[in-house]
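The values are calculated or read from the model by the stated rules, or taken from the named source; none is laboratory data. This is a predicted model, so every value here is computed, not measured. Cβ placement follows ideal geometry from the backbone for every residue including glycine, while neighbour counts extend to all protein chains displayed. Only protein heavy atoms, including side chains, enter the accessible area calculation; ligands, DNA and RNA are left aside. Shrake-Rupley method; radii C 1.70, N 1.55, O 1.52, S 1.80 Å.
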Amino acid sequence: VNSPASPTSPFSLVEHADGLLELRFDLPGEKVNLLRADSMDALEQWLERLASRRDARLLVVTSGKPDVFVAGADVRAFATLADAASARAASRRGQTLFAKLAALPMATVAAIHGACVGGGLELALACTWRVASDERVTRLGLPEVLLGIVPGFGGTQRLPRVVGLTAALPLLLTGRLLSARAARRIGLVDEVVVAKEDLLDAARRVVSQGRLRRGPPRPPRRGARLVEALLRGVAPLRAFVLRRAAAAVRAKTGDLYPAPFAILEVVEVGYARGGGHGDAAVATGGFEREAQLLGEQLVGPVSRNLVRLFELSEAAPGSRDDARSIERAFVAGAGQMGAAIAASFAGAGVRTRLHDASSPALARGSARARDSLARRFREDRRALRDALDRFEPSAARVGLARSDLFLEAIVEQLEPKRALLAEAEAALRSGALIATNTSSLDLDALAAALARPERLVGVHFFHPVESMRLVEVVRGARTSGDAVARACGLAKRLGKVPVVVANRPGFLVNRVLAPYLLEAERLVAEGVDVVALDRTLREAGMAMGPVELLDEVGLDVALHVGDVMRAAFPSRFEDVGVVRRLVASGALGRKSGRGFYVHARTRRGAALRRPAELGATGGAVDVAEARERTLLLVVAESWRALEERVVATEDELDLAASLGAGILVPHGGPTRWGRTQGLARVVERLDAWRARLGARFDAPESLRRAAATSPSCVGPHRLDAGRTGSALRWRPST
Ligand SMILES: NC(=O)c1ccc[n+]([C@@H]2O[C@H](COP(=O)([O-])OP(=O)(O)OC[C@H]3O[C@@H](n4cnc5c(N)ncnc54)[C@H](O)[C@@H]3O)[C@@H](O)[C@H]2O)c1
């Protein structure tokens, strides 16, 4: 080990006896390796020295962190880039640095164990070869698109060169992460070994097996190689593939997110104008355009909003340690939710018993839980076996005394839940946590059934549990701080994002969704064109239009939630009756094949739907007005929820609303959207609608006050991140 290493240097060089050089990345003071300015400077110093090491045949880049290779650029630093020019310069810096790595005189191998994402994968792509460990923590990908940006350290140019265009596009456009084996299949890694200890030998093997060569790598499989050669040579064919990819993006998210389109553009520039693998390449078209687009996007509103939501999700409360003591869980109710929740527990290392009062329901639920685990661990048989070993269906309510957590997900009715909770408490040991997945019942009314109500906490999962990352942790009047902390820790352990909410009707997500759905019901009664309404709200940034969302959640469920909201807030949520009539006629939405839409499938299984005949006049309502009404009501309800302290801050509200219901995600969530519109304008429009349509458009007092202090449009915003990234606050740029 020698200089320029100092004890605080992020990189050190180890010279092995057989001449192999190991460049080890271990960023001091951080749990993960990040490509910050200091680590990049240190890397550059090493690369300059290594450039003259003509004696060495092989350089292997490794990580000194236990479970991370390189986690990419430091997202917290994005906020310090004040304008497009400095963001572009940061990208150029990474590109030139990795070009130096690519131009080293010896063969280079990235030895990957743990997360190898974003800039980390771009570093690995600049190596000649990549070997990876076949362990669960090893994940490779370019998730930049999820932060609203193109990868900026050469990834858009190198990934297609290594794996071919057809394999590169899905990775670039979805940000999906791959296991080592999946990466091997597309040629992203050259060899997979069982354990991290085998990586150096694998690196030696890969190089010595005569696979050593310099210059741009080629996609691995012969078929893929042929396709890639065609795509490279025949521009119209390439244009066709890229156009189809753009159409697929547009069909999914319209034009809301600029990054995927920018990725397609910069990939094409790379093909059309070249951009090789080495040092000189960085000067050419594709790399230059990559840096330029990254610069523009990084300071643009969509990326700022997505980065803020990402940082907020990272800073969510609770730590896995708080839930480490939860080794055994008992889940009561094996329905849609209970089965999926039990599967997620077992998948996260908790011994889980799933119980249902009905044996057919238990059998069905257990089968669903096992299927869910099989899907999740389809690439890792060992992990699947372990997870299945931890999962146990149980027809009798036994084993409670050994459980650290009891969670009920039975029918949504107060008395059965109260009875079950009381019986369970009597059998549980005193330290066990008691949780309910209720979505609409009063937590305090449930807690009243317990001898020690402070142990009960709401742990509200969303459907489908496998993919919905939000968990509302509901704090009742008597819930203890310890119970809240353990529930948050549990959510983290499951890979979810906890948001602590107060025990108010609808908690947070259903609370802000209610006016969205109920105003849509009213608009249907007025004769709005439902297809146009759904489309305009999707274009406005809602993940789903309100009518299609009603059909998706089920009209019976929507009616129940509506009734809860009407009981709590009668002046705002009147019953229009359309949903009630549909439910009475057996139309429950997609699950029954009929709701506001008629749902069918084509012969090839694709979903098909057309608006149902509802006897409304149709088209009588102006769609732009309809859109304004629904969005304004969502914003007003958000401020009401803040007023009632359902959540503590606008940040938490936006985080929960975006993760739990896809509300205005590219705009940063409902309060951020309101502020971008200008709160004075929001209030003015609410007042105008109040004059026309009545009291449900009342602007809440807190919104009026906020409008008075921060009236005008404040975007674009600057993220003012604290040192740890946890104390995030937005302030308008001047
Ligand atoms: N479905 C959703 O989208 C959703 C979302 C979030 C929360 N929730 C909440 O989750 C809970 C369960 O919802 P679901 O949709 O899975 O319901 P479900 O009807 O699919 O399943 C409920 C199950 O509980 C069983 N059950 C009833 N009484 C029982 C008892 N005393 N002991 C043991 N099992 C009993 C039933 O046999 C049934 O299998 C409800 O509180 C619901 O509000 C549902």
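What a 1.4 Å probe finds exposed on the chain is 53% carbon and sulfur by accessible area, rounded to a whole percent. Between residue 327 and residue 380, the simple spin-label model (points 7 angstrom out along Cα→Cβ) gives 2.2 nm.
How much length would be gained if the chain were fully extended between residue 613 and residue 240, taking 0.36 nm per residue of separation minus their Cα-Cα distance, in nm to one decimal?
Full-extension gain reported as 130.4 nm.
Summary of packing: across the peptides 339-345, 71-77, the per-residue average of other C-beta atoms within 10 Å ranks them, highest first, as 339-345, 71-77. Suppose R0 equals 41 Å. What FRET efficiency, 1/(1 + (r/R0)^6) with r the Cβ-Cβ distance, do residue 364 and residue 622 give to the nearest 0.05? Efficiency computed from Cβ-Cβ geometry: 0.30.
Over all other residues within a Cβ to Cβ distance under 12 Å of residue 362, the charged ones net out to +2, with Lys and Arg as +1 and Asp and Glu as -1. Within the same chain, lysines fewer than 8 places from residue 31 are excluded, and of the rest, those with a Cα less than 21 Å from its Cα are 65, 196, 492, 496.
A 1.4 Å probe run over the protein chains yields, for the chain, 41 Å² of accessible area per residue, whole-number rounding.
Between residue 602 and residue 232, the FRET efficiency from the beta-carbon distance, with R0 = 35 Å, is close to 0.50.
With a simple spin-label model that places each label point 7 Å from the Cα along the Cα-to-Cβ direction, the separation between residue 248 and residue 704 comes to 5.2 nm. Using only Cα atoms and rounding to the nearest 10 degrees, what angle (0 to 90) does helix 530-539 make with the longest principal axis of the chain? Once rounded, one gets 40 degrees. I'd like the orientation of helix 301-314 relative to the chain: the angle between its Cα long axis and the longest Cα principal axis, in ° from 0 to 90, rounded to 10. It is inclined by approximately 80 degrees.
The reciprocal of the average 1/r between distinct C-alpha atoms defines the Kirkwood hydrodynamic radius, which for the chain equals 27.8 Å. Shape summary: segment 382-496 maps onto an equivalent ellipsoid whose semi-axes, from the alpha-carbon gyration tensor, are 22, 18, 14 Å in decreasing order.
For the chain, give the share of DSSP beta bridges that are antiparallel, in percent and rounded to the nearest 5; count only bridges with both residues there. Bridges in the chain that DSSP calls antiparallel: roughly 30 percent.
So how far, in whole Å, is the C-alpha centre of segment 30-54 from the one of segment 578-612? Comparing the Cα centres of segment 30-54 and segment 578-612, I get a distance of 58 Å.
Taking a spot 7 Å from the Cα of residue 695 along the direction of its beta carbon, which residues of segment 553-596 have an amide N less than 13 Å from it? Inside the label zone: 569-574. For the pair segment 407-451 and segment 117-161, the centres of their Cα atoms are 46 angstrom apart.
When all protein chains stay in place and ligands, DNA and RNA are ignored, the 1.4 Å accessible-area order of 597, 271, 257, largest first, is 257, 271, 597. Helix-only arithmetic for the chain: the sum of -39500 (n - 2.57) across DSSP H runs with n ≥ 4, divided by the residue total, places the mean residue ellipticity at 222 nm at -14500 deg cm²/dmol. Is any residue of segment 479-503 close enough, with backbone N under 14 Å, to a label point placed 7 angstrom from the Cα of residue 452 along the Cα-Cβ axis, and if so, which? The answer is 479-484, whose backbone nitrogens lie closer than 14 Å to the label point. The peptide list 624-632, 570-578, 158-166, put in order of mean Cβ contacts within 10 Å with the highest first, becomes 158-166, 624-632, 570-578.
Available extension along the chain between residue 8 and residue 444 is 151.7 nm, counting 0.36 nm per residue and deducting the alpha carbon span.
Label point 7 Å out from residue 16 along Cα-to-Cβ: which residues of segment 48-70 have amide N under 20 Å? In segment 48-70, the label zone of residue 16 (backbone N under 20 Å from the point 7 Å along Cα→Cβ) covers 50-51, 53-70.
Taking all protein chains together and rolling a 1.4 Å probe, residue 194 ends up with roughly 110 Å² accessible. The listed residues 560, 113, 463 rank as 463, 560, 113 when sorted by accessible area, largest first, using a 1.4 Å probe. At full extension, residue 526 and residue 389 could sit 43.8 nm farther apart than now, given 0.36 nm per residue minus the alpha carbon distance. Computed from Cα atoms, the angle from the helix 555-568 axis to the main principal axis of the chain rounds to 60 degrees. Between residue 643 and residue 54, the FRET efficiency from the beta-carbon distance, with R0 = 56 Å, is close to 0.20.
Checking the a/c ratio against 1.5 first, then a/b against b/c, what shape does the Cα gyration tensor give for segment 464-568?
Prolate, because a/c is 1.5 or more and a/b exceeds b/c.
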